Structure formats: C-alpha cells, structure tokens
1. Given A80, A122, which one is within 22 Å of L271 (Cβ to Cβ) and assigned to a helix (DSSP H, G or I)?
2. Does the stretch 213-229 contain any residue that is part of a helix (DSSP H, G or I), closer than 20 Å to I269 by Cα, modelled with pLDDT of 90 or more and among the β-branched types (V, I, T)?
3. Answer yes or no as to whether I240 is more than 30 Å from G189 (Cα to Cα) and touching a Gly at 6+ places or on another chain (Cβ under 7 Å).
4. If you check every pair at least six apart or on different chains, which have Cβ atoms under 6 Å apart with a residue in the stretch 82-108 that is among the polar types (S, T, N, Q) first and a residue that is surrounded by 13 or more Cβ atoms within 10 Å (Cβ to Cβ) second?
5. Please verify whether H14 is over 24 Å from L271 (Cα atoms), touching a Phe, Trp or Tyr at 6+ places or on another chain (Cβ under 9 Å), in contact (Cβ under 8 Å) with a residue 24 or more places away in the chain and not in a loop (DSSP other than H, G, I, E, B), treating the condition exactly as stated.
6. Among V157, V129, V140, which is the only one that is touching a helix residue (DSSP H, G or I) at 6+ places or on another chain (Cβ under 7 Å) and under 22 Å from I216 (Cβ atoms)?
Amino acid sequence: MATEYASSGEYIKHHLQNLTYGELPAGFHRHDGTVLTEATRTFAHGAEEAKAMGFWAINVDSMAFSIGLGLLFLFLFRMAARKATAGVPSGLQNFVEWVIEFIDVSVRGSFSHKNPLVAPLALTVFMWVFLMNLMDLFPVDWLPLAGSMAGLPYLKVVPSTDPNVTFGMSLSIFFLVLFYSFKMKGAGGFFSELAFQPFPKFMFPINLLLEGVGLIAKPLSLSLRLFGNMYAGEMIFILIALMFGGSWIMGLFGGVLQWAWAVFHILIITLQAFIFMTLTIVYLDMAHSEHH
C-alpha cells in the first residue's frame, strides 16, 4: 500500500490522520478545489479541513473503535461469567479469572480504603486500555485499506494514539479524584491540603501554586504518557511498513524487524495499560487519604 502514495511523507500523514467528521464553514476551499457556498457537515480530507471544523468535530474512527472494544470487553466477561463452572474451566474462564485476580491483588496493594467502585473501575480501565493498545498489532495497512475500499478517506485504528481519547479517559479519572477529595475531606479539608502544605501556613500562596500544578499535572501525565508511547509505537510500525515498498532485501529486513518490534510491543501495550490502571488506583487512594 505504501507504493500507492507519491512520497513517504504522504503515506505517513495518511496513516496518522483520523477520520474526522464535522462542519466546514461557508467559503471554505476544499481539497478538490470546490468552494462551499454554505456550511456543510462532511468528512475531512486532510489535516487542514479537520482543523477548520473546529472544536465540535469528532474523530469517528477513534470513537467507533474505542466504544466497540469497550463493548467487546463487556461481552467477553459477561459470557465468561454466565458460563462459569466449578468443574473444568474453559480457556476464556481461566483468562477472566486470572485478570480479576491480578486486578484484585493490584487494588489491595495500592488502595488502603474501602470503596466498591475502585476494583471494577481498575478492571475496566486495564482491559479497555489494553484492548485499544492491542489494535496496534494489526498490520498498519489492512484496516485502512479495507476502509478505503468502503469509501473512507482515512481510518486510524488505534484509539490510544488519539490524544482526545487518552485525555477523555484521564479527565474522567480526574473528576472522580476531585469528587472523592471533596466527599472524604470536605471543601475546607481539600483546600487546606492544597494551601497549607508542604511549607508553613503563611506561605499558602506558594503552597497553593505548587499543589495546584501537581493536581493539574495528574490528568496531563496520565493521558500524555499513554498517548506518547502508543503514538511512537504506531509511528515505528508505519516506518517499517515503508520498507516493503523498496527492494526485496529491504522487504525481507522489514518483515524481520516488524516481527521483532511486534513481540517487544506486546510488553509495551500491556505495561501502558498496567501503568494507567495503577496510577488510577493510586490517585483515588490519595483522594481518600487525609494528609497531615
């Protein structure tokens, strides 16, 4: 598929562009040279059109794959729960039991309070992020090629390489952290935690600045860590795929390199899901704890 593009740069841009749907303003010059006489809702062809659509544009591929993978997670775990047996377990039941035990150990080791929401949330976060990351192991050309055959100009299949997805998840965690901080400590207790430590109380402006920056940094670090690692991994797969458009020697070397990177990437996608889950647990534990 790389040979279908005029340059390597076009190939890379195509595979890193989301399928974006939104409204282009009247008078906008489209990719095919036409000028819109009125505001039009359509799919963007290129980054310039996606930018012109503004804040309310939606990355359809990221939404479709992330929601679909979330439903797949619910379907598989529900099916395993319905077919669970005390006898010889199936492979799916073994896998689900192993994951639940792993999550239980992680929550018990990092969360020192009682909250029935934390363990299910940790399970959901881990499996959802893992499944989204797992899409990175699909050959980079397969699904975009299928999408182009269906008339889609772009199809980016790894939701966690879209910062909108990672920020959406991290902001959800951040709102839970704020909710439990207010619930467990009260507005006064939460404010005093931000304003009266680590320095003496008369230095509360400095404390508030430092603690405020640390608070805001939580969702930023949570989202950017996942996005950065997965985006870099996807970029490497795309660069390796370019080798198949060269000589047979380059193609052979690219095949070996792709296999080696895919094996190593299994560790990365699992580790990133684990880190996202662990930080979620730790942040919620901090929200439940009173600092003195």
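The values are calculated or read from the model by the stated rules, or taken from the named source; none is laboratory data. Everything numeric here is computed off the predicted structure, so don't read it as measured data. For neighbour counting, all protein chains shown are included, and Cβ atoms are generated from backbone atoms with ideal geometry for every residue, glycine included.
1. Working: A80 fails: within 22 Å of L271 (Cβ to Cβ).
Step by step, each of A80, A122 is checked, and only A122 is within 22 Å of L271 (Cβ to Cβ) and assigned to a helix (DSSP H, G or I).
2. Here is the first cut: in the stretch 213-229, the ones part of a helix (DSSP H, G or I) are 213-229.
Okay, now just the ones that are also closer than 20 Å to I269 by Cα, so 219-229.
Add one more test, that the residue is modelled with pLDDT of 90 or more, and what stays is 219-229.
Narrowing further to those that are among the β-branched types (V, I, T): none.
Scanning the stretch 213-229 turns up no residue that is part of a helix (DSSP H, G or I), closer than 20 Å to I269 by Cα, modelled with pLDDT of 90 or more and among the β-branched types (V, I, T).
3. Numbers: more than 30 Å from G189 (Cα to Cα): yes; touching a Gly at 6+ places or on another chain (Cβ under 7 Å): yes.
Here the answer is yes, as I240 does meet what is asked.
4. Matching pairs, first to second residue: Q93/A80; Q93/A84.
5. Working: over 24 Å from L271 (Cα atoms): yes; touching a Phe, Trp or Tyr at 6+ places or on another chain (Cβ under 9 Å): yes; in contact (Cβ under 8 Å) with a residue 24 or more places away in the chain: yes; not in a loop (DSSP other than H, G, I, E, B): yes.
When the stated conditions are applied, H14 passes them.
6. On the way: V157 fails: under 22 Å from I216 (Cβ atoms); V140 fails: under 22 Å from I216 (Cβ atoms).
From the options V157, V129, V140, the qualifying one is V129.
Conditions (1) loosely packed, with under 12 Cβ neighbours inside 10 Å; (2) touching a Ser or Thr at 6+ places or on another chain (Cβ under 7 Å); (3) at positive phi, marked per residue:
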{"residue": "S8", "(1), (2), (3)": "no, no, no"}
{"residue": "L16", "(1), (2), (3)": "no, no, no"}
{"residue": "T20", "(1), (2), (3)": "no, no, no"}
{"residue": "A26", "(1), (2), (3)": "yes, yes, no"}
{"residue": "H29", "(1), (2), (3)": "no, no, no"}
{"residue": "A39", "(1), (2), (3)": "yes, no, no"}
{"residue": "A47", "(1), (2), (3)": "no, no, no"}
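Each row is one residue, and each column tells you yes or no for (1) over 30 Å from K156 (Cα atoms); (2) not aromatic (F, W, Y).
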{"site": "L210", "(1), (2)": "yes, yes"}
{"site": "S223", "(1), (2)": "no, yes"}
{"site": "F227", "(1), (2)": "no, no"}
{"site": "G245", "(1), (2)": "no, yes"}
{"site": "I268", "(1), (2)": "no, yes"}
{"site": "Y283", "(1), (2)": "yes, no"}
